[in-house]
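The structure appears below as structure tokens.
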Amino acid sequence: MKIAVAIGLLSVLGLAVVAPAMAAVNVSAFGEVIAIDGGAGTFQLRAESGDLYEVIPPAEFALSDLSIGDEVLVEGTLDSGVITASSVVILEDVELRVVGEVIAIRSLFFVIRTADGVIYRVLPPEDFDLSSLEREDRVLVQGSFVDGRIEATSVTLLSPFDDEDGPFAKDGYYCRTPSARHPALNSLALAYDEPYSELLYYFCEWRFGVGEIKLALQTAVNLGGSMDFGDILEMKREVGGWGQVWQQLGVRGNHEGGKPPWAGGNGKGNNK
């Protein structure tokens, strides 16, 4: 089930709710090549949403490597139906394709977080050099989902998006349109009696997932309000993991190394 969600959400990232009259925005889209114009140096992409886009590939991309029917990942800026691409990746025929940000690197694997807050542990191919990765790198991971992790056949480093509005700014619909409330964030704002604008700030500017924001809210409640949830999120960014956060705050789980029993609860400290 998680595999289908990852593919479906990321296939149209940034494309599903783009208004034609809007200024250029960052996009990341999976789709099929349906036409190639060698003279103009462009190709047409049918995104999995069904929308059609003209794509101007980067100068270093060899259009001759592309064939009609190829599945590709295109990233760049969208303006009036034209994507000026910063990267074009021809995709493999694999079970799973995920774009995410590297949030942790270990000796044998690394961890990514998608734009929707889903976290995956990734076992890279044997010939992949983990030292080439850094935290906050954006990557395309292709492979299969096995025993709770992605066993990757390839890992491709993607170009960073422009970051003009904050340290980790997003360009999704809810970040561009604050009046159109994100359903999950709005539910958390109501459940924890916090301003929606503050939750949206950490979601858009700091790129925390909904689940991480919920954990910070719950942690703040269980600390009796002695620390703001935003400070907890910023602390998490600095130390790298929730285990370290809870340890520094003196919050203990049922067993050493375990999460607190209320972690993942709903509303003001009430578990479901």
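The values are calculated or read from the model by the stated rules, or taken from the named source; none is laboratory data. Predicted model, so just to flag it, every value in this text is computed and none were measured. Cβ: placed from backbone, ideal geometry, glycine included. Neighbour counts: every protein chain shown.
For segment 40-85, name all the residues that are of a type outside the set (A, V, I, L, M, F, W, C) and in a strand (DSSP E or B).
Step one: of segment 40-85, the residues of a type outside the set (A, V, I, L, M, F, W, C) are 41-42, 44, 46, 48-51, 53-54, 57-58, 60, 64-65, 67, 69-71, 75-77, 79-81, 84.
The answer is Thr42, Gln44, Arg46, Tyr53, Glu54, Glu71, Glu75, Gly76, Thr77, Asp79, Thr84.
Identify the residue in segment 117-146 that is of a type in the set (Gly, Ala, Ser) and more than 15 Å from Gly100 (Cα to Cα) and, among all such residues, is modelled with the highest pLDDT.
Residue satisfying both the conditions and the ranking: Ser144.
Give me the pairs: first residue in segment 189-211 and at negative phi, second residue β-branched (Val, Ile, Thr) and part of a helix (DSSP H, G or I), beta-carbon distance under 9 Å, and six or more apart or on different chains, which are they?
Between residues of segment 189-211 that are at negative phi and residues that are β-branched (Val, Ile, Thr) and part of a helix (DSSP H, G or I), the close pairs are Tyr192/Val221; Leu199/Val210; Leu199/Ile213; Tyr202/Ile213; Phe203/Val210; Phe203/Ile213.
Would it be correct to say that Val33 is outside the structural domain of Leu200 (by TED's automatic domain parsing), under 18 Å from the mean Cα position of the chain (by Cα) and under 27 Å from Phe145 (Cα atoms)?
Taking the combined requirement at face value, the residue does not satisfy it.
Given the conditions (1) of a type outside the set (Val, Ile, Thr); (2) touching a Ser or Thr at 6+ places or on another chain (Cβ under 9 Å); (3) at pLDDT below 90, and given that Ala189 satisfies all but one, which numbered condition is not satisfied?
Ala189 satisfies all of (1) of a type outside the set (Val, Ile, Thr); (2) touching a Ser or Thr at 6+ places or on another chain (Cβ under 9 Å); (3) at pLDDT below 90 except (3).
Might you check whether a residue that is within 19 Å of the chain's Cα centre (by Cα) and at pLDDT below 85 occurs anywhere in segment 89-104?
So far as segment 89-104 goes, no, none of its residues is within 19 Å of the chain's Cα centre (by Cα) and at pLDDT below 85.
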